[in-house]
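> My structure is below; once you've seen it, I'll send some questions.
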Amino acid sequence: MAPQTQTIHIQHQTNRVLPEPDVCIHTSHGTRIPAHSSILASVSPVLENLIDRPRKHRSSERIIQIQGVPGGAVAAFVGFLYSSACAEEEMEKYGMHLLALSHVYMVPQLKQRCVKALTQRLTTENVVDVLQLARLCDAPDLHLRCMKLLANDFKAVEATEGWKFLVNHDPYLELQILRFIDEHETRKKKSRRHREEQGLYAQLSEAMECLEHICKEGCTDVGPYDAVAERGRTPCARFATCRGLQVLIRHFATCQRRASAGCVRCKRMWQLFRLHSYVCHHTDSCKVPFCRQFQLKMQQEEMKDDPRWKLLARKVASAKVMSSLSLPKRKRDEEMRVTINNPGIRSYKLL
């Protein structure tokens, strides 16, 4: 039995008085949509070529066949050509069909709308189908969003019928997805490792600032050798870091095993002194212990110097710059003035 013919008339959202339709769009299941060739041709170059195609008989009706999608999707597509608008209900129901039509008939405004709508409606259930469509319709942004969802929630996607169908019918795409997931995990691990390293460099940078601060002004327990003891001194803003350094300094000053290099805590303090000498730019006036000695030793043994220490010093200095840039401008200017006017001191003592 032949399908019953249905005619859908597009509601024209325009103030213009339009002539009678001169072209008819035929869809699947016998649906007919009368339309105006001038409007279709002005929006879609593909439809323009179809309309301008020579006919066998001048008197024959102009017909455009749009098959393979529901008649409602074609009606929504033609409605967009007239009004440049698409209802949310139509996008919800025919979003994937409209993306395919907008790509085939080269309607970029509708394609952008479809990409945005499908991105907002991505789920683990439909992501495989949307991914395949995005690849066919040259929609890289939508394709990337699909791949990211697959990578972040692969266990849930793996249990869907769409993924099982993909595995059985498109092994090449399956390989691409698995490769992307592997690279995604590698990037995440690398990014996490980079953040951890930057956090360590930031901590060392703060330790260098606290070391100079302790040796110049004193901080609670440890202060300059020539400073008058001030009892009841309030903790500084970086109390946790300064307190840890004070404990190390007090231990370093009294440890009996330091001479034999058998103390891990003394070795750590010694490394901090050495690192400071690499980042210090005021060797002649710097008052941090051993700074000048390390600088002189580096000058005498420049060719033998360990490049790893130079790299660490650059990383710590870079972390200090990045930290200062993240501060508000007024506070950054104040810290800059303090740094310029800070001559440092030569030694420290236990108060």
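The values are calculated or read from the model by the stated rules, or taken from the named source; none is laboratory data. Values in this document were obtained by computation on a predicted structure and should not be read as measured data. In this analysis, Cβ positions are derived from the backbone assuming ideal geometry, glycine residues included, and neighbour counts consider all displayed protein chains.
> Just give me the residues in region 179-223 being in a strand (DSSP E or B) and in contact (Cβ under 8 Å) with a residue 40 or more places away in the chain, in sequence order.
Val222, Gly223, listed by residue number.
> State yes or no: is Gln176 of a type outside the set (A, V, I, L, M), without any contact (Cβ under 8 Å) to a residue 12 or more places away in the chain, in contact with a helix residue (DSSP H, G or I) (Cβ under 9 Å, 6 or more places away or on another chain) and in a helix (DSSP H, G or I)?
yes
> While we're here: With respect to Lys116, determine if the residue is within 12 Å of Leu99 (Cα to Cα), crowded, with 19+ Cβ neighbours inside 10 Å and in the same structural domain as Leu99 (by TED's automatic domain parsing). Break it down stepwise before answering.
Working: within 12 Å of Leu99 (Cα to Cα): yes; crowded, with 19+ Cβ neighbours inside 10 Å: no; in the same structural domain as Leu99 (by TED's automatic domain parsing): yes.
The answer is no for Lys116.
> Tell me which helices (runs of 4 or more DSSP H) are completely within region 238-316 and hold 3 or more residues being at pLDDT below 80, or say none if there are none.
In region 238-316, 239-254, 291-300 are the helices (runs of 4 or more DSSP H) which contain 3 or more residues that are at pLDDT below 80.
> Restricting the search to region 94-127, which residues are of a type in the set (A, V, I, L, M, F, W, C) and within 23 Å of the chain's Cα centre (by Cα)? Spell out the reasoning first.
Going residue by residue through region 94-127, those that are of a type in the set (A, V, I, L, M, F, W, C) are 96, 98-101, 104, 106-107, 110, 114-115, 117-118, 122, 127.
Hits for region 94-127 are Val115, Ala117, Leu118, Leu122, Val127.
> Looking at (1) farther than 22 Å from Arg274 by Cβ; (2) of a type in the set (S, T, N, Q); (3) outside the structural domain of Leu312 (by TED's automatic domain parsing); (4) modelled with pLDDT under 85, which one does Thr220 not meet, given that it meets all the others?
Only one criterion in (1) farther than 22 Å from Arg274 by Cβ; (2) of a type in the set (S, T, N, Q); (3) outside the structural domain of Leu312 (by TED's automatic domain parsing); (4) modelled with pLDDT under 85 is unmet by Thr220, namely (3).
> Pairs please, first residue from region 120-135 and without any contact (Cβ under 8 Å) to a residue 40 or more places away in the chain and closer than 17 Å to Asn152 by Cβ, second anywhere and among the acidic types (Asp, Glu) and not in a helix (DSSP H, G or I), Cβ atoms under 8 Å, 6+ apart in sequence or on different chains.
Thr124/Asp153
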